[in-house]
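Structure record follows, encoded as structure tokens.
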Amino acid sequence: MAFPVDLRRCQILGLAGTTALALGGETAGALPVRELIAPASARAALGLVGVYFGVVLLIAAWALLGRLIRGPEPPTPRTLLLVLAVWSAPLLLAPPLFSRDVYSYLAQGAMVDAHLDVYAHGPSRLGGPLADEVAPLWQHTTAPYGPVFLALASALSGLTRGELPAGLLGMRLVALAGVALMAAALPRLARHSGADPAAALWLGALNPLVLLHLVAGAHNDAVMLGLLGAGLVAALGRWPVLGAVLVTLAALVKAPAVLGLAAVVVLQVRAGRRPVPAVATTALAAAATTIAATAAAGTGYGWIGALNTPVSPHNWALTSLLGRATGAVLEHLGSDLAPLAVPAWRTLGVAAAVVAILLIWLRLRPRPVYALGLSLAAVAALGPAIRPWYALWGLFLIAAAAPSTSVRHRTAALTGVLALSVLPSGSPADTGQLLLAASGGALAAVVLWQAHQAELAPAAGRTA
């Protein structure tokens, strides 16, 4: 017998999950340096168990909500937006989770506010409490972000005067604004693509990766995706210049969004405009926006060179894994080519991504939203670095335009795996921490099973 599903049950279960996440994060999250707790301590261990307990509850609530959406009386998009707000609420005041990137954002914003060149110097040049919060690996790394995001971070720095609690809350509110734009864009994009708006919201906005990494982690990918979605909606509404402006602003947060300009052009052509004027209008709007935004931010054009910002030497990107494996083999053989293995594989990855994007657009040009989603997924998968939240680049638009239920199911399965792949502190895991995380997840599974059995017992009695 299937587990009973209703909207209230999903709301409560998801709220319990994000509440456990927030509470566990108080001792196991990406805390400020002065509040860090030794991973081996009892409090940190209990927090880690609590976080993974919450993650599994959240995934279960999301899966049950998916069943409800596929049922005979699915919830409306407005109802789903309320569920998103309920699930997000406990995370608003929680410490950063799953990454310390938000501290880098604050330090880089303070650097811009202090008229330091973030494209020439890392946060170590800033010094002081904010710079101390940045992970050692990135202390001397220049900013990889565009002038639009740095202008936002600088404005936030000015408003909060460098105070860490206010800065963290402000950055999370910025991320929430991006998630709100994503949620607002999804139903319109889904209707244009012939997809179910409720299913699009379920997969693209209520997704655990959105809550874990865009809300709890306050990643600037939320701003990029929100502006990208808004730009595509504007282009659908016969405002192609506004669409190009918004998509360009998204690309000036993080560069991958620049692929959205291709979708803006295709949408114009599909609306009856000739290709040459469509390309020219989009290019001019993008160029003007880039010049104006860069001048307003005052950061200069160093962001172009920042596209080559180094990535972690130990990241799990496919090309990096292959490069390290090839390098190890060459080193074992005594070859002098071993140091070239990682750069060579990364170059091949970029070339493969370009080829994949061209093939995607040749085949799916009549479906620009879906083609863009697959293209961004290819960039994330074949790029030199990968993080779980990078999957949202493509997933957001695939959710809006998935051509079949099977595509959504496969994407949802990937979400479940990625949601469990990072520790709440954002640090590499050791064996003890993995065991604690597994214990938290197992405890949640036991609780869910017991709830399932308790629901079945009365039904079995009535049958007897």
Handout entry: Answer from V276, V247, V253, V258 - the residue that is out of contact with any strand residue (DSSP E or B) (no Cβ under 7 Å at 6 or more places or on another chain), farther than 28 Å from L156 by Cβ and among the β-branched types (V, I, T)
Key = V276
Exercise for the section: Quickly run through region 119-137 and pick out the residues that are closer than 22 Å to L169 by Cβ and in contact with a Ser or Thr (Cβ under 8 Å, 6 or more places away or on another chain). Expected result: P123, A131, V134, A135
Handout entry: region 1-52 - residue that is open to solvent by 10 Å² or more (accessible area, probe 1.4 Å), in contact with a Lys or Arg (Cβ under 7 Å, 6 or more places away or on another chain) and part of a loop (DSSP other than H, G, I, E, B) and, of those, farthest from G71 (Cα to Cα)
Key = I37
Problem - L116 more than 23 Å from A230 (Cα to Cα), touching a Leu at 6+ places or on another chain (Cβ under 8 Å) and free of Cβ contacts under 8 Å to residues at least 12 places away in the same chain - result: yes
Exercise for the section: Considering only region 424-450, state which residues are part of a helix (DSSP H, G or I) and either of a type outside the set (G, A, S) or free of Cβ contacts under 8 Å to residues at least 40 places away in the same chain (or both). Expected result: T431, Q433, L434, L435, L436, A442, L443, V446, V447, L448, W449, Q450
Completion exercise
Across (1) surrounded by fewer than 24 Cβ atoms within 10 Å (Cβ to Cβ); (2) without any contact (Cβ under 8 Å) to a residue 40 or more places away in the chain, P240 clears everything bar (2)
Handout entry: Those residues of region 340-373 which are more than 23 Å from W316 (Cβ to Cβ) and at pLDDT below 90, in sequence order
Key = R363, L364, R365, P366
Practice task
Would you check which residues across region 417-432 are open to solvent by less than 60 Å² (accessible area, probe 1.4 Å) and either under 17 Å from L97 (Cα atoms) or in contact with a strand residue (DSSP E or B) (Cβ under 9 Å, 6 or more places away or on another chain) (or both) and list them?
Solution key: L418, A419, V422, L423, P424, S425, G426, S427, A429
Exercise for the section: Kindly indicate whether T326 is β-branched (V, I, T), open to solvent by less than 60 Å² (accessible area, probe 1.4 Å), more than 21 Å from M182 (Cβ to Cβ) and within 26 Å of the chain's Cα centre (by Cα). Expected result: no
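The values are calculated or read from the model by the stated rules, or taken from the named source; none is laboratory data. As the structure is a computational prediction, the values presented were derived from the model and not from experiment. Note that we place each Cβ from the backbone using ideal geometry, even for glycine, and neighbour counts take in every protein chain shown. Heads up: the accessible areas ignore ligands, DNA and RNA and are worked out on the full protein's heavy atoms, side chains in. Shrake-Rupley method; radii C 1.70, N 1.55, O 1.52, S 1.80 Å.
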